[in-house]
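To start, the structure under review is shown below, and the notes come after it.
Values quoted throughout were computed directly from the atomic coordinates according to the rules given, and no laboratory measurement underlies them. This one's a predicted model, so the numbers in the text were calculated from it and none came from an experiment. Reconstructed Cβ throughout: ideal geometry from the backbone, glycine too, with neighbour counts over all protein chains shown.
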Amino acid sequence: MDTFDKNCRRWARRFLAAVLALLALCAGIVYAIDPCLYYRMPENWKPVFFNERYQSAGMIKHIPAETVLMGTSMVANIRPSAAAEAFHSTALRITIPDGYFSEFDQAADLLFRAQDPKRLVFCLDMNTLIRDPSGVTGAMPACLYDRNPFNDAEYLLNKDTLYYSLYVLLANSWGGGQDLDESFLWNDGTVWERYEALRTYRRPDLSETVQPDDAFLANTDENLSVLTGWFQAHPDTEFIVYFAPYSILAWDRATRRGELDARFAALERACQTLTAFENASLYAPLFDREIVENLDNYCDYIHHSGEAGRLVLQKIAAGEHRITAQNYASVLSDWRQFVTSYDYLSIWDDDFFARWNAAHDAPPVWWGNP
Amino acid sequence: MNFQTLAFLAFLALTVTGCRLAGRFRRDAGLILLNAASLFFCVQGGGWKSVFVLALGAVVSAAAVRKAVTQAAAVPLGAAEPVDSVDRRWLILAAVWHLGVLAVFKYAGFFTGGAVSVGWVPLGLSFFTFQQLWLLKEVANGFSPASWTFLPLYAFFFPTLVSGPILKPQAFFPQLQDGRFLQPSGRDEAAGLYAIAIGSAKKVLLADNLGVIVDNGWNRLEDLSAPAAWLVILGYTLQLYLDFSGYCDIASGAARLLGLRLPVNFNSPYRSLSVGEFWKRWHITLTSFLRECLYFPLGGSRKGTARTCANILTVFLLSGLWHGAGWTFLVWGGLHGLAQIAERLWGRERLPAALRWALTFAFVNLAWVFFRAPNLGAALKLLNTALTADFRPPASWLAEGLLSKEASALLLFFPRLNTAALRIGAVFAGALTVSFWPRNAVGEMDSFRPTVWRLVLLTLAAAWTVLSFSGVTTFIYSNF
């Protein structure tokens, strides 16, 4: 081996050592600051909440709670303290915006590995219940939820988490950082009122075709099997499932899209399935006129305010709108009667048009096809 | 298993270490381990069904070669003199098999209008097929692989399995008997690591980020102004080169760590002064394959001008089809064929060099639009937009998702910075510099100098690249 060859070999080893050292330094910073709360809850600074899917794994692992509230963006504005107040226990809220059931399954799997919750309250979002379960958002970091310790490297060797490490420190030095009760809330920056809900609602054209009753049943069955899998695997946990209270506009939308029969068929299937377990109870604030008809609770056709969410949990804790194997048929029938005879046009009242016309030159886009 | 993953780096480290240790003990053991690692790589990337299809193809080739070459054992490796008796029927049958498999998996849907489609394509099938065809053709011409035990590696060698370079048998098999196979020198180690670092940076830091701009543009064709359209067109031109040549650099580096040299596949193609020259610098191994296995057998340029032009067009139409089963690829191949016919008929030396370069680069850019477009209509729309008089500066949404965390970090300290322009400018500046750099990475490997500045720059680039393998995927909820 000549001198040049030796120099090359030495260079190669130094290069490898330098790269490994630099990467180890970056990984060390991420590990120490742990912006996703994956290894521990911070003691010397406040966490900064920036991404539900990335930070929920750590919250599940490190925040012990008797009651865990889990759901899509429909629970985003419900403070953990509201759940604690309703169920008189410690509480944790896990939000997976627009989450697929496969994603909730990952979160639940981690939850039951990490702790033994007394109660899991699951917000059953109708739109996610009936959709294709094979879809994925691509945003769920499997490395933070699975059992493989080696792929933690994807978290530690990651320029984005490195950035968030820096950001957490800077935010705290600027007096930022958040409490757990404020995690992932977007309630405060949002307008919750009738006009806003109507303004953002894009009323669909009246569909000429009607979806068959079984249009969503296959998807519904597969999605429900995730929940029933939890019920069976954890008989000592109390499961409370509730249909998220979409506003009355959601029923207008379903009617105009010709989906009403198919949605009711899916709801019926869900009621049949979820009321058959001793450790699970089902509630339907979706049919609570006090909440869904009051559009001041909403910012669009489905999302309700944190205050409305607090009311929902209190009603559930008080046993209101309980669905059982005995009453679901009549409850669904009553609600179908209500939404099919509802005068939806009356929602757009004079007050709405006065405000709309003051801000716009043209009527709402759907108005030509009422 | 993508090259741009931590898993691949771990796999590469284990494979190189294991094969070299085994090779030090006994070369056959190292070869067996390398075959096993390549098989593992194939399973990880394409599953067992890919392995089955490719292995079946490799067995068909091996059987045909064995049947065809009656005196294989007596012929020295790479012998100048052809094997005495080659029964070409077996080789032709094997070639028909390979083309049939390729047709079934890749083109059935295209030629039947979607009526018949397998629905999946084995990992690296296009490259595998051409490589096997090259082997059969060379055997027909008298070449004989030195040992049957080398054939699996030729078929499955993991650095080249997915996207080449397409290995010419004469350039690959002799290396397996060379003393450096599995016993690389210090030069090989340094050059290999250099190529892997450069290739990864080209792919991850430049090509992928250009891809963000390009995808943003293609997703909102209606909103593009003419300058933005040109940015998208140029962005894709650079992205494709940096992506593919970056991949080849990594493949060359990985092979060099095992003591093997891969052929140069890209030689600063965008510096070409003609389309003909472009194809001598772009995807060189494909061009060599098409020249030797298709153009020459068709008669090359020896049968008159008309026949030569027809041969060129045939080669490039088939090249287009090989790149993808779709009309856009056929148009792209046809354009390149026609451009070379025009050059041949009109002469290449009439214009000043600068003008020739500009015309060639512009042509290559415009042709790539068809390569990238989802359909001909979209390609024409982008080209039309590029030629309109809408001179609005590119909108900031073109940079959405581009180096977002780097930009956020900058904004923490410089809140008023226009990061969109800065990010687009930085990515294009880096991409143009690398693309027009006179020497390519594989060329640099042969004259590699182990300097301190190289150590520092490559360390920073490699660390940033590895950190960029993963990111926090921001979920943009559709309702908000």
Can you compute the equivalent ellipsoid semi-axes for the stretch B:391-449, i.e. the square root of 5 times each eigenvalue of the Cα gyration tensor, sorted largest first and rounded to whole Å? 31, 16, 9
Running Debye on the protein assembly as shown with equal point scatterers at the Cα sites and no solvent, what base-10 log of I(q)/I(0) appears at q = 0.09, 0.10, 0.11 Å⁻¹? -1.08, -1.23, -1.36
Mind checking which lysines have their Cα closer than 21 Å to the Cα of A:K315? Skip sequence neighbours fewer than 8 apart in that chain. A:K118
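Against the 2.2 N^0.38 Å scaling, with N counting residues, where does the stretch B:127-176 land? I'd like the Cα-based Rg ratio to two decimal places.
Numbers: Rg = 10.0 Å, N = 50, 2.2 N^0.38 = 9.7 Å.
Normalised by 2.2 N^0.38 Å, the Cα Rg of the stretch B:127-176 equals 1.03.
For the stretch A:227-363, what is Rg from Cα atoms divided by 2.2 N^0.38 Å, rounded to two decimals?
For the stretch A:227-363, the normalised Cα radius of gyration is 1.21.
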Starting with the highest mean, order A:80-86, B:134-140, A:254-260 by the number of other Cβ atoms within 10 Å, averaged over the residues of each peptide. B:134-140, A:80-86, A:254-260
Please work out the Cα convex hull volume for the stretch A:283-370 and give it in Å³ per residue. 113 Å³
Based on the alpha carbons, how large is the Rg to Rh ratio for chain A when Rh follows Kirkwood? 1.07
Taking just the alpha-carbon atoms of the stretch B:270-399, what radius of gyration and Dmax come out, in angstrom? 16.4, 55
To the nearest whole percent, what portion of all C-alpha pairs in the stretch A:70-148 is separated by more than 14 angstrom? 64 percent
If I fit a long axis through the Cα atoms of helix B:419-436 and take the longest principal axis of the Cα atoms of chain B, what angle between them do I get, 0 to 90°, rounded to 10? 30 degrees
Nearest 10 degrees, 0 to 90: what angle lies between the long axis of helix B:226-257 and the longest principal axis of chain B (Cα atoms)? 40 degrees
Taking the square root of 5λ for each eigenvalue of the C-alpha gyration tensor of the stretch B:6-183, the equivalent ellipsoid has semi-axes, largest first and in whole angstrom, of 27, 25, 11
If you project the alpha carbons of the stretch A:43-110 onto the principal axes, what extent comes out on each, in Å, largest first? 30, 29, 22
With no solvent and one equal point scatterer per Cα, compute the Debye intensity ratio I(q)/I(0) for the stretch B:245-344 at 0.15, 0.17, 0.21, 0.25 Å⁻¹ and report its log10, rounded to two decimals. -0.67, -0.82, -1.11, -1.33
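Based on alpha-carbon positions alone, could you give the equivalent ellipsoid semi-axes of chain B from the gyration tensor, as √(5λ), descending, whole Å?
On the way: eigenvalues 286, 173, 94 Å².
Each semi-axis is the square root of five times an eigenvalue, giving 38, 29, 22 Å.
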Check which residues have an amide H placed less than 5 Å from A:E193's amide H, if you skip close sequence neighbours. A:Y298
Where the only charges are on Cβ atoms (+1 Lys, Arg; -1 Asp, Glu), what is the dipole of the stretch B:6-183 about its Cα centre, to the nearest 20 debye? 220 debye
Residue-wise, which Karplus ³J(HN,Hα) couplings in Hz belong to the stretch A:15-29, taking 6.51 cos²θ - 1.76 cosθ + 1.60, θ = phi - 60°, and x for glycine or proline? 4, 4, 5, 5, 5, 4, 5, 5, 5, 5, 5, 4, 4, x, 5
In order over the stretch A:343-357: 3J(HN,Hα) from phi, Karplus 6.51/-1.76/1.60, θ = phi - 60°, whole Hz, x for each Gly or Pro, gives 8, 5, 4, 5, 5, 7, 8, 4, 4, 4, 5, 4, 6, 4, 5
Binned at 10 Å starting from 0, the alpha-carbon pair-distance distribution of the stretch A:152-266 in whole percents comes out as 10, 20, 23, 27, 18, 3
Table column - 3J(HN,Hα) (Hz), the stretch B:359-375, Karplus curve with 6.51, -1.76, 1.60, x for Gly and Pro: 5, 5, 5, 5, 4, 4, 4, 5, 5, 4, 4, 5, 5, 8, 5, x, 7
Descending principal axes extents, the stretch B:378-480, alpha-carbon based, whole Å: 51, 37, 26
Would you work out the charge dipole size for the protein assembly as shown about its Cα centre, treating the Cβ of every Lys and Arg as +1 and the Cβ of every Asp and Glu as -1, and quote it to the nearest 20 debye? 5120 debye
Listed here are the pairs B:K67/B:K137; B:K137/B:K168; A:K46/B:K405; B:K49/B:K106; which of them are more than 19 Å apart at the Cα? A:K46/B:K405
